[in-house]
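A.B. asks: Right, I'll just put the structure down here and ask away after.
The values are calculated or read from the model by the stated rules, or taken from the named source; none is laboratory data. Note that this is a predicted model, so its numbers are computed, not measured. Backbone-built Cβ (ideal geometry, glycine too); neighbour counts: all protein chains shown.
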Amino acid sequence: MKAGPYTDFALYRRLLRQAQPYWLHIVSIFLISLLAAPLALLNPLPLKIAVDNVLGSEPIPGFLETLLPADATHSSTAILFSALGLLLVVAILNQLQVLAEWLLQTYTGEKLVLDFRARLFHHVQRISLSYHDYRGTADSLYRIQNDAPAIQEIAIYGLIPLVTSAITLSAMIFVTARIDWQLALVAMTVAPLYFILVLVYRQPLRTRWRDVTSLESSAMSVVHEVLTAVRIVKAFGREDQEKDRFVRRSQEGMWARFRAAFAEGQFGLLISLTTAIGTVAVLFIGIRHVQSGTLTLGQLLLVIGYLTQLYGPAKTISSKAAGLQSNLVRVERAFLLLDEPADVPDKPDGRPLSRALGAVTFRNVSFGYDKGRPVLHGISFEIESGSRLGITGVSGAGKSTLVSLLTRFYDPTEGRILLDGIDLRDYKLADLRNQFAIVLQEPMLFSTTILENIAYARPGSSMREVIEAAKAANAHQFIVRLPEGYDTPVGERGMTLSGGERQRIALARAFLKDAPILILDEPTSSVDVKTEAVIMEAMERLMQGRTTFMIAHRLSTLSGCDMRLTMEDGLPTVIVDRL
């Protein structure tokens, strides 16, 4: 797997920009986490007091002498209870610090992920249809759902612990050096080894995690593909074969994850071994210092306690640096999705358009999804406002591509398309697309109610307007016969309704939008003759006064059109007036 397009610095810079609205929260988490350092310094202190001042005869610490009454400073029982009380207070403060940090981390992290997912979801609706055709929707879904949370892992659980661990490490070194500078020096000899290990393992870990995310996304695409076409899978009895295909893809991802885990395990083993060597060296020298009288036993125990907490932050820094690699890969994939260009550029100074007249002109238009492979070649024609153009031709001739250019799902590679004498690219994109109502061969309904599906065309429509649109589309009669009427859920993609019912709801949606230009893409090809007659009657009302592009294979369907455009291999072969 090749290296990613971003450096670590570039990724962190983008992460900071994404997290900018939550800097105050992140700073608060950082400050609360800093409290862990002084609390960590207090943890071994009760044990030292118990050993040196209760079991031994060393002078009590100055702060304890200030806090205790004069008589109690000479009582081993009072000193013991003071040590135990200090232990209890430190434990409570530790838990309060952990709780406050956890609550703020959870809130900030979840908000970060939600905002990042919303940004990705908004952008994925705007990027090129060619991208979705090539990469598939499952890959985008994986990036939104699985890769986006990496921003939380890095910003909240990665970078902040790195910084706080570095501060804690510095504090531990300072305090240890004040007790015995030689022990502090020995303890720090392992630090360069940590740094070297991170440098050695960083890139291999990043590469392995790229393999993991790519293969996991591939396995998800199988699930998405099968569930989308589950009726075909059942009809051909291919459930077992599809399960095997999913298992094969998933096993590839499993082994990739195993290789990444093995590499992380190697790294962790070397970190632990380095830590053990440092601990052995400090313990050996510390015991010699106690024997020589340089240190008391309590001071040695204090140093060992600090050493444990010194190596803790050092190991945290190393493990976080390694663990960040998988999250950096994931957030890199999310940013790559954000970097995909929008479907077509929208001019900042585009012309506003309230309602078009509907005159359309194609001037020498060519288009190809891939460079060097044109689908449409030099197409030119003109239709007047309110006219009806029938488009026919064999499958793959470019009929649907032609109307996709009209709605600016794509832009021509050559030539111009004019609406009311103005190039489509000069209009504001949202205003332009608001001029079209589209009814497809396979109507797409959302898994909500019939009411919400019809009102999707014009949010905020009244119930009366929705009913009028349904009546115009010959849909009202079958809707009111349903148990819940307009509040009936249609199921995923409207599959609880028949094909004809779905098509009539799609027509009702087009009626409600009341756009000046209508695109009908094979609207009756998948229904029976009786249903076709009902739909054609509704479409005739819908086409009144609107510029209409109707795609159909059967010439009889186009009998009411003013002109007919026959497509063959991306070329218009004939335009005839209606007889």
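A.B. asks: Looking at A475, A457 in this structure, which one is among the small types (G, A, S), at pLDDT below 90, farther than 30 Å from P374 by Cα and more than 32 Å from the chain's Cα centre (by Cα)? Show your work before the answer.
C.D. replies: Details: A457 fails: more than 32 Å from the chain's Cα centre (by Cα).
Within the list A475, A457, the selection yields A475.
A.B. asks: Residues that are among the basic types (K, R) and in the same structural domain as L512 (by TED's automatic domain parsing): list the helices (runs of 4 or more DSSP H) wholly contained in the range 410-494 that include at least 1 such residues.
C.D. replies: Working: elements: 429-433, 450-455, 463-472, 476-480.
By residue number, 429-433, 463-472.
A.B. asks: Output yes when any residue across the range 146-165 is assigned to a helix (DSSP H, G or I), at pLDDT below 75, of a type in the set (S, T, N, Q) and out of contact with any Leu (no Cβ under 9 Å at 6 or more places or on another chain), and no when none is.
C.D. replies: Yes, some residue in the range 146-165 is assigned to a helix (DSSP H, G or I), at pLDDT below 75, of a type in the set (S, T, N, Q) and out of contact with any Leu (no Cβ under 9 Å at 6 or more places or on another chain).
A.B. asks: In this structure, is T496 in contact with a Pro (Cβ under 8 Å, 6 or more places away or on another chain), without any contact (Cβ under 8 Å) to a residue 40 or more places away in the chain and more than 24 Å from D431 (Cα to Cα)? I'd like the intermediate steps shown before the answer.
C.D. replies: Details: in contact with a Pro (Cβ under 8 Å, 6 or more places away or on another chain): yes; without any contact (Cβ under 8 Å) to a residue 40 or more places away in the chain: yes; more than 24 Å from D431 (Cα to Cα): yes.
Judged against the criteria, T496 is a match.
A.B. asks: A further question follows. Just give me the residues in the range 224-253 being surrounded by 15 or more Cβ atoms within 10 Å (Cβ to Cβ) and in a helix (DSSP H, G or I), in sequence order. Please lay out each step first, then the result.
C.D. replies: As a first pass, look at the range 224-253 and keep what is surrounded by 15 or more Cβ atoms within 10 Å (Cβ to Cβ): 224-226, 233, 238, 242, 245-246, 249-250, 252-253.
H224, E225, V226, V233, E242, R245, F246, R249, S250, E252, G253, listed by residue number.
A.B. asks: For the range 367-382, what are the residues that are crowded, with 16+ Cβ neighbours inside 10 Å and either at pLDDT 90 or above or under 35 Å from the mean Cα position of the chain (by Cα) (or both)? Before you say what the answer is, go through the steps one by one.
C.D. replies: Filtering the range 367-382 down to residues crowded, with 16+ Cβ neighbours inside 10 Å leaves 367-368, 374-377, 379.
F367, G368, P374, V375 - these are the residues of the range 367-382 that are crowded, with 16+ Cβ neighbours inside 10 Å and either at pLDDT 90 or above or under 35 Å from the mean Cα position of the chain (by Cα) (or both).
A.B. asks: Moving on. Considering only the range 362-408, state which residues are polar (S, T, N, Q) and not in a loop (DSSP other than H, G, I, E, B).
C.D. replies: Just the residues of the range 362-408 that are polar (S, T, N, Q), to begin with: 364, 366, 380, 385, 387, 392, 395, 400-401, 404, 407.
N364, S366, S380, T392, S400, T401, S404 - these are the residues of the range 362-408 that are polar (S, T, N, Q) and not in a loop (DSSP other than H, G, I, E, B).
A.B. asks: Give the range 509-544 a look and list any residue that's within 18 Å of A457 (Cβ to Cβ) and either modelled with pLDDT under 85 or in a strand (DSSP E or B) (or both), or say none.
C.D. replies: Just the residues of the range 509-544 that are within 18 Å of A457 (Cβ to Cβ), to begin with: 509-521, 523, 535, 538-539, 541-544.
Hits for the range 509-544 are I517, L518, I519, L520, D521, P523, I535, A538, M539, R541, L542.
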